[in-house]
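Structure first, commentary second.
The values are calculated or read from the model by the stated rules, or taken from the named source; none is laboratory data. As the structure is a computational prediction, the values presented were derived from the model and not from experiment. Please note: Cβ atoms are built from the backbone with ideal geometry, for glycine as well, and neighbour counts cover all protein chains shown. Heavy atoms of the whole protein, side chains included, go into the accessibility calculation; ligands, DNA and RNA do not. Shrake-Rupley method; radii C 1.70, N 1.55, O 1.52, S 1.80 Å.
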Amino acid sequence: MKESVIVTREQIQHWLLEHLAVALKLPAAQIDLHEPLARYGIDSQRVVALSGELERWLARPLSPTLLFEYPTVAALASHLAGEKAAPVELAAPTGSDEPIAIVGLACRFPGAPDARAYWDLLAGGRDAVREVPGERWDVDAYYDADPAAPGKTTTRRGGFLDGVDQFDPYFFGISPREALEMDPQQRMLLELTWEALEDAGTPAASLARSRTGVFVGISHNEYADLVRDAQGIGAQTGVGNALSIAANRTSYAFDFQGPSLAVDTACSSSLVATHLACRSLRSGESSLAIVAGANLLLSPEITISFSRAGLMSPDGRCKAFDARANGYVRGEGVGVVVLKPLARAQADGDAIYAVIRGSAMTQDGRSNGLMAPNPAAQEAVIRGACADARVAPADLQYVEAHGTGTLLGDPIELRALGAVVSAERPADRPCTVGSVKTNIGHLEAAAGIASLIKVALMMRHGVIPPSLHFERPNPDIPFEALRLRVPTRAEAWTGERLASISSFGFGGTNAHVVLASPPPRAEATRATVDADAPFVLPISARSEAALRALAARYLDRLAAGDVSAAD
């Protein structure tokens, strides 16, 4: 081989772009230096050929796996030019009791396409449960009031999203063909992670190769059978429908290199994911954490099973803590929060929604049945979370309950809660208890994240929303003795605020999280902005069509007087 050639990074980038442009039949200017070559259809055969040409040009031997180690033009050129990439390092441990700040969030829940709409729905006391949309399944064909009827549901209602089939694959460098084989839960997690980072004021690109962890609560995938039936098994069907990939694809898309895992503990999945994320941040394993929950209802099979088990509310209303409670209502949605150690969030000047002071997790063990709750385990998880948060249970002002609206489940939960929070609590200062399931249904794996976002918004706005459908207290819940009360209208919530959230899996895994209002200095971050002053609203998108659509949405909000500099 001839003597090797010394070239600069810029020369190598130019060479690679020119050769890729020929191979891809694309102008070199359209090839992104920072996108993996696999996104342009460069398969293993082309990689080997390109490596050989590059080896001859540089006149030095190259590993055929080089393009897998350095998958972008920029990374490959830097390596070949002798530049050393910065090593990925663990974050410094924060201390075992460091509070964790919620610095960004995004969601799509029934009746609420974004966090602003979600708060309006909660504060307005609206019920977003509706009849099963026709594009999901034929409710008339599957409904029967008789729970013994085979293959039938006993309910016609649920909490549903609109437009779950909508996705811009090019924004994330995904081909339309691959997008068709992807579970919509994966698609929505990508979109809402981007939105949550925007809300946190953190450019996604700034987190590339960081120890950002991804923790996703997810239990069901009802899309796999649908896509197989519609178009058969394709090359991306397996990856596109694996629950693990719901977390891993997010890490891949944003180049996060912290922990990345899907958590399935059934209905407590996303609150358990929150607990694990806080532990990861405190240990220094993660420097920042993306916590999410996802649940979509795309076929009737699980609803049929739960109907046969007698779990579904026949009238499609979640009547938590009420004497008329007759079962729960299934719901769907995706939520994402961005977590960061409090000290770092304050140093970065972040606007903080709420602070996670502590969390805990328990298991029911051998209760009265696999799906039967264990009151002692529920008490233990609340005590454990309060101990981790270093707060007295009697100081909790509000608890977002699991609150599914079952005749026996509600009394078991509130008796366990009351046993913990009532000690040393004055009779004239009862703990307020609510359940977002009365608004949007039970989001199962995403239920915990829906509750977490609800309480974070409550702390941001200083309001406790009403818990719906509470007319006659369940006679098996001695509210006064337990020092508990249920709000039936919106109430002001002022001063330092302390709340907690319960989430229980039907297999017995319980989680509890304690939240507090942010320090006053963090709350003042947004208040220093003059909301009436003129301001520039920069907008950007990755295509002209997307830019026009975004501009149109802002025009609608401006026309409604719904945008200010303080936002």
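Some observations on this one:
- Efficiency of FRET between GLU544 and ALA323 - r from beta-carbon atoms, R0 51 angstrom, step 0.05: 0.35
- Packing-based ranking, highest mean first, of 452-459, 56-63 given that Cβ atoms within 10 Å are counted: 452-459, 56-63
- Pairwise centroid distance, computed over Cα atoms, of region 268-321 with region 146-204, Å: 15 Å
- Only Cα pairs under 8 Å and 6+ residues apart enter the sum, and on that basis the relative contact order of region 111-202 stands at 19 percent.
- The VAL48 and ARG209 beta-carbon pair, evaluated with R₀ = 35 Å, returns a calculated FRET efficiency of approximately 0.85.
- With R₀ fixed at 45 Å, the C-beta to C-beta distance from LEU408 to LEU558 puts the FRET efficiency at about 0.35.
- Amide H to amide H distances under 5 Å link SER260 with VAL214, where only residues 5 or more positions off or on other chains count and H is placed in the peptide plane.
- Residue-normalised accessible area of the chain, expressed per residue, 1.4 Å probe, Å²: 43 Å²
- Here the simple spin-label model places points 7 Å from the Cα toward Cβ, and for ALA347 and ARG228 these points are separated by 5.0 nm.
- Taking a sphere under 12 Å around the Cβ of PRO259 and counting the other residues whose Cβ falls inside, with K and R at +1 and D and E at -1, yields a net charge of +1.
- Within region 387-434, GluC sites (Glu not before Pro) in DSSP loop having at most 15 other beta-carbon neighbours inside 10 Å: GLU424
- The gain in end-to-end length when the LEU537 to LEU62 segment is fully stretched comes to 166.2 nm, 0.36 nm per residue minus the alpha carbon separation.
- Karplus 3J(HN,Hα) series, Hz, for region 285-295 with 6.51 cos²θ - 1.76 cosθ + 1.60 (x for Gly, Pro): 5, 10, 9, 8, 10, 9, 10, 9, x, 9, 7
- With the highest mean first, a sort of the peptides 127-138, 189-200 on other beta-carbon atoms found within 10 angstrom per residue produces 189-200, 127-138.
- You can think of it this way: the chain between ALA117 and SER244 has 42.7 nm of extra reach, that is 0.36 nm per residue less the Cα-Cα gap.
- Apportionment of accessible area to carbon and sulfur, the chain, percent (1.4 Å): 54 percent
- Label sites at ASP144 and GLU35, each approximated as a point 7 angstrom past Cα along Cα to Cβ, lie 5.2 nm apart.
- For region 25-37, putting each phi into the Karplus relation 6.51 cos²θ - 1.76 cosθ + 1.60 with θ = phi - 60° gives couplings of 6, 10, x, 4, 5, 8, 9, 7, 4, 10, 9, x, 5 Hz, in residue order, rounded to whole numbers and with x for Gly and Pro.
- Cα centroid of region 227-241 to Cα centroid of region 343-364, whole Å: 39 Å
- Between amide H atoms placed 1.01 Å from N, distances below 5 Å from HIS442 occur with VAL329, ARG330, GLY331, all of them 5 or more places distant or on a separate chain.
- log₁₀ of I(q)/I(0) at q = 0.14, 0.17, 0.20, 0.23 Å⁻¹ - region 421-511, Debye sum with one point per alpha carbon: -0.58, -0.87, -1.19, -1.42
- P(r) for region 333-385, from all Cα pairs and a bin width of 10 Å, is 19, 29, 28, 18, 6 %, short bins first.
- Listed values for region 538-554 are Karplus-derived 3J(HN,Hα) couplings in whole Hz (6.51 cos²θ - 1.76 cosθ + 1.60, θ = phi - 60°), namely x, 10, 8, 7, 9, 8, 4, 4, 5, 5, 5, 5, 5, 4, 5, 5, 5, and x replaces Gly and Pro.
- Residues whose placed amide H lies under 5 Å from that of GLY284, excluding near-sequence neighbours: THR94
- Contact order normalised by residue count of the chain, Cα under 8 Å, 6+ apart, percent: 17 percent
- Pairs of Cα atoms nearer than 8 Å and 6+ residues apart set the relative contact order; for region 420-497 it is 44 percent.
- Based on Cα atoms of the chain, Rg over Rh with Rh as the Kirkwood radius reads 1.01.
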